[in-house]
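K.L.:
Before I ask anything, let me first share the structure, which is written out below as C-alpha cells.
The values are calculated or read from the model by the stated rules, or taken from the named source; none is laboratory data. Every value quoted in this text rests on a predicted model; they were computed, and no experiment measured them. Ideal geometry is used to build each Cβ from the backbone, glycine not excepted, and the neighbour counts take in all protein chains shown. With ligands, DNA and RNA removed, areas are computed over all heavy atoms of the protein, side chains included. Shrake-Rupley method; radii C 1.70, N 1.55, O 1.52, S 1.80 Å.
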Amino acid sequence: MKEVIESLRNAREYAHSIKTDDLLEYLEKVGEKIGIKEIKKFISKDNLKLMMDIALRGNYRVLDEFMTLKDGRLYHAQPRGLAVHWVAGNVENLGIYSIIQAMITKNVSLVRTSSSSYQGLKKLLDNFSAVNTNKINGKEFSKTFALVLVDSKDKEKNEEMSKAADIRIAWGGYEAIEAITNYKKNIFCEDIVYGPKYSYAVVDKENANSDSARKLAFDISTFDQTACSSPHTIFVEERALDFAKLLAQELDKVNRLMIPKGHTEPGKKMEILSARAEGIIKGQVFSSENTDWTVIYSEEIGLAQPCFSRVAFVKPLKDLNLKGLNTRHQQTVGLAMKNNSREDFVDNLTMFGADRCPKVGEMTLFGSPWDGMFAIDRMVRWIVTWK
C-alpha cells in the first residue's frame with residue numbers, strides 16, 4: 001500500500017500538467033470505448049465542460065490558469081492531491097462518476113473496492129490505458145489512479161489509505177460510511193460522502209398515465225433499486241389504484257423486453273413474498289408470477305419501508321403538500337408534474353430535505369450537483385492573487 005500511495009503522489013505533477021481541453025478530448029474517447037450509455041453521456045466533452053463551468057464559478061479554465069472573476073482579482077483552482085474512493089459493492093458503476101470528477105480536477109485517485117465490485121470496476125478502468133490521443137497516452141495517464149482490493153474488515157489498510165488522503169470519497173450504507181469517516185485522517189482532508197438515502201416519486205393528476213408509468217418502470221428496474229436515487233414509494237394525486245395497474249404493466253414490459261432481472265437470492269425472495277402477503281392485507285398487489293417485480297397499492301400514510309428488488313409501493317396523495325415528509329435522509333424525488341406549479345412545489349418540498357427533483361425516467365442518472373453538493377468544487381483549493 002505504501003508503494004502504491006507513493007507512486008500516485010509521484011504522478012501528481014503529470015496530472016497537473018495536462019491541459020483541461022486535452023483531458024476532455026481524451027475522456028470523451030474513453031467514454032466511447034466503455035460504451036455504456038449513461039457513462040458515455042456523463043463523460044462526454046460537452047457534459048463535463050458544462051458541469052465544470054457551473055461548479056467552478058463559470059469558467060472551467062481556472063483549472064489551467066489564473067482567471068479574473070467579478071471582483072477583478074485572479075483565481076486559480078488547484079487540485080487537492082490524493083483522492084481515496086471507497087466504492088460500494090452493490091452498485092459498482094457509480095464509483096466511476098467520482099473517479100471521473102477527480103480526474104477532471106487533476107487529482108490522483110486510489111480506488112478501494114470489495115471483491116463483489118472489483119472485477120466490474122477493473123473492466124471499466126482498463127479502458128483508460130487502451131485509449132490514446134495526440135496529447136495523452138493512456139498507459140501514462142493510467143498511472144494517475146490505482147485500484148486496490150481491500151477487505152472492509154482490514155482496519156489497518158483502510159486507515160493507512162485514510163491518513164494518506166487529501167480527499168476521502170465514500171459510497172455506501174450506514175455501517176460502511178460510519179466506519180470510513182471514523183478512520184483517522186489528515187486534518188486538512190476534505191470528506192465527500194455519498195451515504196444511504198431514500199428516494200420516491202410524485203405524480204400529479206394530469207400525468208397519471210402510461211407514459212409516466214413507463215418512465216418510472218425504468219427508474220425502478222435500473223440497478224434493481226439498489227441505488228440511492230431509485231424510487232420505492234410513488235405518490236399519485238388522483239387515480240392511484242389505476243396508476244398502480246399501469247405501473248405493473250410497464251414493469252412487466254421492461255423486465256421482458258429491456259432490462260431482464262438477474263438472479264435473486266433466496267433470502268430476498270422471501271422478503272418479497274412477505275411484502276406481498278402484507279400488501280394483500282393492507283391493500284392490493286400486482287406482481288409477476290415469480291419474484292421479478294411487484295407493485296403494492298395501499299392507502300397508508302408516509303413512505304413505505306423499502307424492499308428493493310423491483311418492489312414499488314403506490315399510494316394516493318390528497319394534496320401536494322409533502323414538506324413534512326423530508327429529512328436529509330431523502331435524496332431524489334422524481335416528478336411527473338405540470339410545469340407551471342413545479343418550482344413552488346420543489347421549493348417547499350426541499351426546505352428540510354431531498355436534494356434532487358428530476359423528471360421521472362431520469363431519477364437514476366448521475367449528475368452534478370449530487371447529494372446537495374458540487375463535488376468538483378470540493379475537489380479543488382481556490383488560490384487568489386492580484387494583478
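K.L.:
Among His263, His16, what's the order by accessible area (1.4 angstrom probe), most exposed first?
P.N.:
His263, His16
K.L.:
Say the dipole of the chain comes from +1 at the beta carbon of Lys and Arg and -1 at that of Asp and Glu; which of Gly267, Leu125, Ala170 then lies farthest toward its positive end?
P.N.:
Leu125
K.L.:
With +1 on each Lys and Arg Cβ and -1 on each Asp and Glu Cβ, and nothing else charged, work out how big the dipole of the stretch 103-142 is about its Cα centre, in Debye to the nearest 20.
P.N.:
The dipole of the stretch 103-142 has a size of about 60 debye.
K.L.:
If you take every DSSP beta bridge whose two residues both sit in the chain, what share of them, in percent to the nearest 5, is antiparallel?
P.N.:
The antiparallel fraction comes to roughly 25 percent.
K.L.:
Tell me the per residue accessible area of the chain using a 1.4 Å probe; a whole number in Å² is fine.
P.N.:
48
K.L.:
Carbon and sulfur: what percent of the chain's accessible surface (1.4 Å probe)?
P.N.:
The nonpolar share, carbon plus sulfur, comes to 49 percent.
K.L.:
At what distance in nm do the modelled label points of Glu6 and Glu25 sit from each other, each positioned 7 Å from its Cα along Cα→Cβ?
P.N.:
Taking the two extended label points, one gets 3.6 nm.
K.L.:
Accessible surface of Val108 in the full protein assembly, 1.4 angstrom probe, to the nearest 10 Å²?
P.N.:
Accessible area, nearest 10 Å²: 0 Å².
K.L.:
Restricting to bridges with both residues inside the stretch 283-387, how much of the DSSP beta-bridge set is antiparallel, in percent to the nearest 5?
P.N.:
Working: 6 of 12 bridges.
In the stretch 283-387, approximately 50 percent of DSSP beta bridges are antiparallel ones.
K.L.:
While we're looking at this one, here's another question. Normalised by the number of residues in the stretch 44-101, what is the relative contact order in percent for Cα pairs under 8 Å and 6+ residues apart?
P.N.:
Details: 32 pairs, mean separation 9.6, N = 58.
Value for the stretch 44-101: 16 percent.
K.L.:
Tell me, how many Å apart are the Cα centres for the stretch 326-348 and for the stretch 1-67?
P.N.:
31
K.L.:
Contact order normalised by length for the chain, with contacts defined as Cα pairs under 8 Å and 6 or more residues apart; what percent is it?
P.N.:
17
K.L.:
Follow-up question, since we're still on this one. Between Arg239 and Thr181, what is the label-to-label distance in nm when each label sits 7 Å out along the Cα-to-Cβ direction?
P.N.:
Taking the two extended label points, one gets 4.4 nm.
K.L.:
Which of Ala304, Val285, Leu251 sits closest to the plus end of the dipole of the stretch 205-311, meaning its Cα is farthest towards the positive end, when Lys and Arg get +1 and Asp and Glu get -1 on the C-beta?
P.N.:
Leu251
K.L.:
Run the dipole for the stretch 233-287 about the Cα centre, Lys and Arg Cβ at +1, Asp and Glu Cβ at -1, nothing else charged, and hand back the magnitude in debye, nearest 20.
P.N.:
Roughly 220 debye for the stretch 233-287.
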